[in-house]
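As structure tokens, the structure follows; a few thoughts come after it.
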Amino acid sequence: QLQLVESGGGLVQPGGSLRLSCAAFGFTLDYYAIGWFRQAPGKDREGVSCISSSDGTTYYGDSVKGRFTISRDNAKNTVYLQMNSLKPEDTAVYYCGAQGVGCPPSPYEYVYWGQGTQVTVSS
């Protein structure tokens, strides 16, 4: 049973913060690159951030640079996404995906996915 489970979403006001978690069950997360993607209603799945397994390099989508921070805690088998200065356009379901050791920007390159956690930024 291989699972990724996202948590930490919720309803926040513009300018607020949330910390999302992506926890792995049944496999060791540190052997995978972990990407965060989001999908709003009627929109494509958009790359948000990614952290590689090989060297820990991090990547961010242009829309979240300077506001979001991805990190990894191998002891807890969990990857986090700290989201600050949230905007209404950040509203989406946030998914984490696992893929090899690299950080490809395309969601199609990711092998395992969680079920998502809803982030809603009110206006």
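From the gyration tensor of the Cα coordinates in segment 10-103, what semi-axes in whole Å does the equivalent ellipsoid have, largest first, with each one equal to sqrt(5λ)?
Taking √(5λ) for each Cα gyration eigenvalue gives 22, 13, 13 Å.
Running a GNM on the chain with Cα contacts under 10 Å, which residue among Val79, Val111, Val101 ends up with the highest mean-square fluctuation?
Val111
Under 10 Å, Cα contacts only: if you run a Gaussian network model on the chain, which one of Pro14, Pro41, Pro105 comes out with the highest mean-square fluctuation?
For the chain, modelled as a Gaussian network with Cα springs under 10 Å, the answer is Pro41.
Give me the one-decimal nm value for the distance between modelled label points at Ser17 and Lys43, 7 Å along each residue's Cα-to-Cβ direction.
2.3 nm
Length gain on complete extension for the stretch Gln82 to Thr57, per 0.36 nm per residue less the alpha carbon to alpha carbon distance?
Numbers: separation 25, 0.36 × 25 = 9.00 nm, distance 1.62 nm.
My answer for the length gained is 7.4 nm.
Of Trp36, Ser123, Cys50, which is farthest along the charge dipole of the chain in the positive direction, counting Lys and Arg as +1 and Asp and Glu as -1 at C-beta?
Result: Ser123, furthest along the dipole toward the positive end.
Once you have the Cα-Cα distance between Ala75 and Ser122, take 0.36 nm times their residue separation minus that, and quote the gain in nm to one decimal. Before the final figure, lay out the partial values.
On the way: separation 47, 0.36 × 47 = 16.92 nm, distance 3.44 nm.
Taking 0.36 nm per residue and subtracting the Cα distance, the gain is 13.5 nm.
Could you check how much of the accessible area of the chain is carbon and sulfur, as a whole percent, using a 1.4 Å probe?
Roughly 48 percent of what the probe reaches on the chain is carbon or sulfur.
Within the set of other residues whose C-beta is less than 14 Å from the C-beta of Tyr108, count the net charge using Lys and Arg as +1 and Asp and Glu as -1. Intermediate results must be reported in sequence, preceding the final value.
On the way: positive: Arg45; negative: Asp44, Glu46, Glu109.
Residues near Tyr108 contribute -2 overall.
Report the calculated FRET efficiency for Glu109 and Gln3 (r = Cβ-Cβ distance, R0 = 22 Å), to the nearest 0.05. The partial results should precede the final answer.
Working: r = 20 Å, r/R0 = 0.89.
Here the calculated transfer efficiency is 0.65.
Taking only protein heavy atoms and a 1.4 Å probe, what accessible area per residue, in Å², does the chain have with all protein chains in place?
Working: 6290 Å² over 123 residues.
Spelled out: the 1.4 Å probe surface of the chain, per residue, equals 51 Å².
The values are calculated or read from the model by the stated rules, or taken from the named source; none is laboratory data. Note that the structure is predicted; figures quoted are calculated from it, not measured. Reconstructed Cβ throughout: ideal geometry from the backbone, glycine too, with neighbour counts over all protein chains shown. With ligands, DNA and RNA removed, areas are computed over all heavy atoms of the protein, side chains included. Shrake-Rupley method; radii C 1.70, N 1.55, O 1.52, S 1.80 Å.
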